[in-house]
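Reviewing the structure listed below.
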Amino acid sequence: MTSLSWYSGLKTLFSKYIHPWSVPARRIYVFTGLIALLMAILSSDFIPKLDVALGQPSPETIKANKSIQFEDVEQTEEQREKAEEEVGLIYSYDVSALDRSLSEIQDFFDQIRAIQLVEGIVFEEKVDLAKSRFPGLFSEEALHYLLALPSEKLKEVEAGAIEAARRIMEEKITSADLPEQKNKVQGVVESVPISADDAPVVTQIVKNYLRPTAYYDHEETEKARREARLSVSPVIISVKKGELIVQEGVIGDDRTMLILEKLGLLQQSFDWKRALSTFLLLAGGSAILFIYMRKFNQEIYGSPRLLALLALVTIVFTAVAKLFAVLSDVHASFWGYLIPVSAVAMLTTILFEARLSIIQVFFVSLITGIATGFDFSFVMVNFLGGIFATYFVSQVSYRQEIMKGGVLTALSLAYMIFATNIPFTDNIPALLYNMSMGGVNGVVGAIFTIGALPFLESTFGITTGMSLVELINPNNPLLKKLLIQAPGTYNHSLIVGNLAESAAEAIGADSLLVRVGAYFHDIGKLKRPYFFSENQLGENVHDDINPGLSRLVVINHVKDGVEIAEKERLPKVVIDCIQQHHGTSIISYFYDREKKLKNKEIVDEQTFRYPGRKPQTKEAAILMLADAVEATARSLSSPTPNHLQQMTRDIIYNRLADGQLDECNLTLREINKIVSAFSQVLVSIYHVRVKYP
């Protein structure tokens, strides 16, 4: 690539994107400025808030800004720990303990019997032998008593000891319980069928062989503690919107501080996470809006002025939405139903288009969500209300019809408030009041739209369909003046309007604009109406004056029309139609007359051309062609269908060859459709009538 190519490329890039006043640069200014201002308006959600400290008096009375429900984790944990502590140690019954004790008792008596049968020693030596066998367990008297018992009596004592031990050890006995159970042995022994003399000995035997029958079961204990912990329900704190949290001057406790924290009112530092979330949502919503316009509406996307208007509507809405969200938090929830999404929808639909309004409603509903903490009722009601408002005003032609759309929107909002709130409230009067506020939203939105439209139209140079419809009212003073002072021009304008409207509909152009442009395109003829053939009843005044003078009169009707239009404050799009309806075409009739008069002298063709501009839009081009075709058709002596169609085609292609359509974006396909549309209308107007006898 040559250095010249590099330089040319950089120059193009600079002029198109980097130059501070280029359209792309100004579009970036609008985009970034919109996000920055929206962030500034919504910044109160993530900057430090209340200065309330634990144990200190509250500097102000604080109410809940929203309804919340949350678990008090600390209180829940305290109650669960308490439930765990209340679970005692769990002991499991040892079935084998009783068997072991009974076996030991039986073994004891077997040894007593064995000692009784020992031969070769005296009784006292048998007592000493027993003492050595059971050291420290039994008193000498008890052993002496048992060794002296006959066999049958010894069996009775053994049976009594076993029975007493069984009765005691059938219950769970822990190691800790053992001393207490030994103290109960005597009482149990007394209930056993043995003699009173046997009772002291049996008591000693049972006490010596009494064992714990229960052991500590760690696994079961832990299981019971877990179950006790799980049985404790979480401690839930519920706070309703508008509920008093702390009175001014009252010292806040732990619960108060926790509620303030959960409400997001105790934030002591910049909440960068919420700020980032807000930025991403706003940037995403704005991007969707701009991408839609880039793809489907280049007229708005390519106009920083219109983008600025859309941004202004969004910024004003956000400020109002944030104000109402704060009022809803502090005072009453109904303020949230007054957030004016419906007004934004109406303005966007009327100023721009219905499809763009749907995208805008989505964006401002997203902003509503950010402002209200994504309160489902507010977001859903306002979003659907905006959709309804878009639909109800999408076909309005008169300002009075906006009010009808507002009433229908009000009914829709009331319906949506009822549908979204009825499952969650038992307060019917409050619900009805909120529904009435939704109705107020729709009606006030319509009133605001009616009042704001003239200001926005004049400030940003926008012409709505309603403004155009109002201009073609037959009672319009300028049209009435044209009818009275230049009736031929008036009738010509009506026919041109029919032609232009038919062609515009055929190619998808703005049919209303071309009709309005047609009605006013020749108002410049009001200054000298009889210099134009359609208003002449007799002789043609141009027959007696110089073609050069005639040229000036005819050419000046364009300039005069622009002056009258500006004086009457007609919309710029209509003034453009007046200025461009002849383009730079030549006034061939007077040009040919001038050439005949001058004979062989050279006549400057440029002096017989209109000053322009050439048509810049499809609508202006259609108006130019309709004007030329109607004027020629009116002069035909035998306007047959074929003749009319050929005449139409010749005129249009002559204008094309003359370069009059170079600066508008008409295609050849569209030009052919225009020829067909013009021909159909002309045939219906100028067809040859049957001669009646």
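The values are calculated or read from the model by the stated rules, or taken from the named source; none is laboratory data. On a predicted model such as this, the values are computed, not experimentally measured, just so you know. Methodologically, a virtual Cβ is constructed for each residue, glycine included, from the backbone with ideal geometry; neighbour enumeration extends over all protein chains shown.
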- Query: Applying the selection to segment 342-363, what residues are closer than 15 Å to residue 309 by Cα and either part of a helix (DSSP H, G or I) or among the β-branched types (Val, Ile, Thr) (or both)?
  - Reply: 343, 344, 345, 346, 347, 348, 349, 350, 351, 356, 357, 360
- Task: Give me a count of the residues in segment 484-501 that are surrounded by fewer than 22 Cβ atoms within 10 Å (Cβ to Cβ) and under 12 Å from residue 514 (Cβ atoms).
- Result: 1
- Task: Within segment 114-145, track down each residue that is part of a helix (DSSP H, G or I), closer than 19 Å to residue 206 by Cβ and touching a Leu at 6+ places or on another chain (Cβ under 8 Å).
- Result: 130
- Query: Filter segment 291-302 for residues that are in contact (Cβ under 8 Å) with a residue 12 or more places away in the chain and surrounded by fewer than 20 Cβ atoms within 10 Å (Cβ to Cβ); which is farthest from residue 353 (Cα to Cα)?
  - Reply: 302
- Go through (1) within 27 Å of residue 44 (Cβ to Cβ); (2) surrounded by fewer than 19 Cβ atoms within 10 Å (Cβ to Cβ) one by one and return the number of the condition residue 341 breaks. (2)
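Per-residue answers, yes or no, for (1) within 21 Å of residue 187 (Cα to Cα); (2) within 60 Å of the chain's Cα centre (by Cα); (3) not charged (D, E, K, R):
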site: 130; (1), (2), (3): no, no, yes
site: 133; (1), (2), (3): no, no, no
site: 147; (1), (2), (3): no, no, yes
site: 150; (1), (2), (3): no, no, yes
site: 153; (1), (2), (3): no, no, no
site: 160; (1), (2), (3): yes, no, yes
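Can residue 462 be described as touching a helix residue (DSSP H, G or I) at 6+ places or on another chain (Cβ under 8 Å), modelled with pLDDT of 90 or more and not aromatic (Phe, Trp, Tyr)?
When the stated conditions are applied, residue 462 does not pass them.
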- Query: Can you tell me which residues in segment 416-441 are more than 19 Å from the chain's Cα centre (by Cα) and under 15 Å from residue 382 (Cα atoms)?
  - Reply: 418, 434, 435, 436, 437, 439, 440
- Item | Residue pairs meeting the criteria (Cβ under 7 Å; at least 6 apart or on separate chains; first acidic (Asp, Glu), in segment 113-141; second assigned to a helix (DSSP H, G or I) and surrounded by 14 or more Cβ atoms within 10 Å (Cβ to Cβ)) | 140/127; 140/131
- Selection from segment 464-510 of residues that are free of Cβ contacts under 8 Å to residues at least 12 places away in the same chain and part of a loop (DSSP other than H, G, I, E, B): 473, 474, 475, 476, 508
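Which residues, counting only those in segment 573-588, are surrounded by 15 or more Cβ atoms within 10 Å (Cβ to Cβ) and out of contact with any strand residue (DSSP E or B) (no Cβ under 7 Å at 6 or more places or on another chain)?
To start, the set of residues in segment 573-588 that are surrounded by 15 or more Cβ atoms within 10 Å (Cβ to Cβ) comprises 573-587.
Those that are surrounded by 15 or more Cβ atoms within 10 Å (Cβ to Cβ) and out of contact with any strand residue (DSSP E or B) (no Cβ under 7 Å at 6 or more places or on another chain): 573, 574, 575, 576, 577, 578, 579, 580, 581, 582, 583, 587.
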- Query: Exactly one of (1) crowded, with 21+ Cβ neighbours inside 10 Å; (2) more than 20 Å from residue 615 (Cβ to Cβ); (3) of a type in the set (D, E, K, R) is unmet by residue 515. Its number?
  - Reply: (2)
- Message: Contact list please: Cβ distance under 8 Å, first residue in segment 222-233 and of a type outside the set (Ser, Thr, Tyr), second residue assigned to a loop (DSSP other than H, G, I, E, B) and crowded, with 16+ Cβ neighbours inside 10 Å, pairs at least six apart or on different chains.
- Response: 224/87; 224/90; 225/87; 228/87
- Query: Which of the following residues is modelled with pLDDT of 85 or more and more than 22 Å from residue 196 (Cα to Cα): 83, 159?
  - Reply: 83
- Check segment 401-408 and report whether any residue there is surrounded by 18 or more Cβ atoms within 10 Å (Cβ to Cβ), farther than 28 Å from residue 34 by Cβ and out of contact with any Lys or Arg (no Cβ under 8 Å at 6 or more places or on another chain). no
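If you go through segment 589-628 one residue at a time, how many are among the hydroxyl-bearing types (Ser, Thr, Tyr) and either in contact with a Cys (Cβ under 9 Å, 6 or more places away or on another chain) or surrounded by 17 or more Cβ atoms within 10 Å (Cβ to Cβ) (or both)?
Counting residues in segment 589-628 that are among the hydroxyl-bearing types (Ser, Thr, Tyr) and either in contact with a Cys (Cβ under 9 Å, 6 or more places away or on another chain) or surrounded by 17 or more Cβ atoms within 10 Å (Cβ to Cβ) (or both) gives 3.
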- Task: Go through (1) crowded, with 21+ Cβ neighbours inside 10 Å; (2) out of contact with any Asp or Glu (no Cβ under 7 Å at 6 or more places or on another chain); (3) within 17 Å of residue 612 (Cβ to Cβ) one by one and return the number of the condition residue 562 breaks.
- Result: (1)
- Subset of segment 554-573 (residues that are in a helix (DSSP H, G or I) and farther than 28 Å from residue 657 by Cβ): 560, 563, 564, 565, 566, 567, 572
- Got at least one residue in segment 528-547 being modelled with pLDDT of 90 or more and of a type in the set (A, V, I, L, M)? no
- Taking only pairs six or more apart or across chains, which ones have beta-carbon atoms under 7 Å, a first residue in segment 668-689 that is among the small types (Gly, Ala, Ser), and a second residue that is surrounded by fewer than 14 Cβ atoms within 10 Å (Cβ to Cβ) and at pLDDT below 95? none
- Task: Kindly establish whether residue 186 is part of a helix (DSSP H, G or I) and without any contact (Cβ under 8 Å) to a residue 24 or more places away in the chain.
- Result: yes
- Can you work out which of the residues in segment 482-517 that are under 39 Å from the mean Cα position of the chain (by Cα) and not small (Gly, Ala, Ser) is nearest to residue 573 (Cα to Cα)? 513
- Query: How many of the residues making up segment 364-400 are assigned to a helix (DSSP H, G or I), touching a residue at least 60 places away in the same chain (Cβ under 8 Å) and farther than 22 Å from residue 285 by Cβ?
  - Reply: 1
- Message: Residues that are surrounded by 18 or more Cβ atoms within 10 Å (Cβ to Cβ) and among the small types (Gly, Ala, Ser): does segment 656-668 have at least one?
- Response: no
- Item | Scope segment 581-617; condition in a helix (DSSP H, G or I) and touching a His at 6+ places or on another chain (Cβ under 9 Å); matching residues | 589, 590, 593
- How about segment 90-127: which of its residues are at pLDDT below 85, charged (D, E, K, R), surrounded by 11 or more Cβ atoms within 10 Å (Cβ to Cβ) and out of contact with any helix residue (DSSP H, G or I) (no Cβ under 7 Å at 6 or more places or on another chain)? 94, 99
